[in-house]
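Contents: one structure, followed by commentary.
The values are calculated or read from the model by the stated rules, or taken from the named source; none is laboratory data. All values reported here derive from a predicted model rather than from experimental measurement. Here the Cβ positions follow ideal geometry from the backbone for every residue, glycine too, while neighbour counts run over all protein chains shown. In case anyone asks, the SASA skips ligands and DNA or RNA and just uses the protein heavy atoms, side chains included. Shrake-Rupley method; radii C 1.70, N 1.55, O 1.52, S 1.80 Å.
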Number of protein chains: 2
Amino acid sequence: MLASPDIQPHLPLTEAVLFMLISLVPGPSHGYAMLKDVEVLSEGRVLLSTGTLYGALKRLLEQGWIARYVEHDQAERGRVTHSYELTGIGRRIIQAELARLEALVAVGRRAAGERA
Amino acid sequence: MLASPDIQPHLPLTEAVLFMLISLVPGPSHGYAMLKDVEVLSEGRVLLSTGTLYGALKRLLEQGWIARYVEHDQAERGRVTHSYELTGIGRRIIQAELARLEALVAVGRRAAGERA
DNA sequence: CATAATATGTCGTCGTGCGACATATCGTGC
DNA sequence: GCACGATATGTCGCACGACGACATATTATG
């Protein structure tokens, strides 16, 4: 019962990408905000560089896991920011990766947990 | 209460390395056997190439997470195999990585689990 | 006695995280 | 009015690691 068997080849995700996707679950956000969200979500352990961030965003867009739309801060003047939003595929990827991680932890605990 | 705070910088482990370390928990083994063990442990999802295997073994030795000793198959003739064994550091690394993964899953489930 | 499985190793390529660098806007305090 | 930090986006080159391809040799099996 593997929903969308074509998503398996994309796993495992890197820690950076998984945190970025998770940060988009509550709703759309933009690059810099995701950077800060990931820092909070990971309790300060994952500090994305902008190189990692924008490189990963580009790939996620190409793969169709997220979608982008342009937003104007104010009326039509001023800074232009880009908002990113999870696609259906993106949500399925997150679920698949979390399931994979749970299985991995189970294997590890079974082997390494209950013994000297 | 982070035992050995100096191990944190080594995380996250790659999937290949974590599975390789887990395969050594029950006891010493050699390269090719680890290759097959990982395949079984991962239920066929992780198929290490020998490039990955021996490259990773070299690094694990250099880092002192495993130790190597030479074994002679028979008396003193025939194929020479190398056995690898987890060190104390190696065991702590596994525990630290499993703990990290559990925390990661918890964050993911909290964000992505309990909502539409 | 050929063929598969076991066993170890190297090499080149590709993907990805990351630090450094480059720009520009916005808010706050002085 | 203006300096300065936070916000915001992006590029470039390096380093590390997984991987497939290739190379070899020994040990079982049919």
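Compute the accessible area per residue over the protein assembly as shown, keeping the other protein chains in place, probe 1.4 Å, unit Å².
It amounts to 57 Å² per residue over the protein assembly as shown.
Per the 1.4 Å probe, what fraction of the accessible area of region A:14-112, in percent, lies on carbon and sulfur atoms?
Carbon and sulfur: 52 percent of the exposed surface of region A:14-112.
Around A:Ile7, with a cut-off of 14 angstrom between Cβ atoms, what is the net charge of the other residues, counting Lys and Arg +1 and Asp and Glu -1?
Counting the neighbours of A:Ile7, the net charge comes to +2.
Using the Kirkwood radius over C-alpha pairs as Rh, can you work out the diffusion coefficient of the protein assembly as shown via Stokes-Einstein at 4 °C, viscosity 1.567 mPa s, in µm² per second?
Rounded, D is 65 µm²/s.
Just counting partner chain Cβ atoms within 10 Å, what average do the residues of peptide A:91-100 show around their Cβ?
Mean partner shielding for this stretch: 3.
Regarding chain A, what is the average projected area of its C-alpha convex hull, in nm²?
Taking the Cα atoms of chain A, their convex hull projects to 9.6 nm² on average.
Nearest 100 Å² is fine: what is the total accessible surface buried where chains B and A meet, probe 1.4 Å?
2400 Å²
At 222 nm, what value in deg cm²/dmol follows for chain A if DSSP H runs of at least 4 each add -39500 (n - 2.57) and the sum is divided by all its residues, to the nearest 500?
-16500 deg cm²/dmol
Looking only at other chains, what is the average number of their beta-carbon atoms within 10 angstrom of each beta-carbon in B:79-89?
0
For B:Lys58, list the lysines whose Cα falls under 22 Å from its own Cα; do not include residues on the same chain fewer than 8 positions away.
Result set, ordered by chain and number: B:Lys36.
Among A:24-34, B:61-71, what's the highest-first ranking by average C-beta atoms within 10 angstrom per residue?
A:24-34, B:61-71
Show me the ranking of peptides B:16-22, A:8-14 by mean Cβ neighbours inside 10 Å, starting with the highest.
Result, highest mean Cβ count within 10 Å first: B:16-22, A:8-14.
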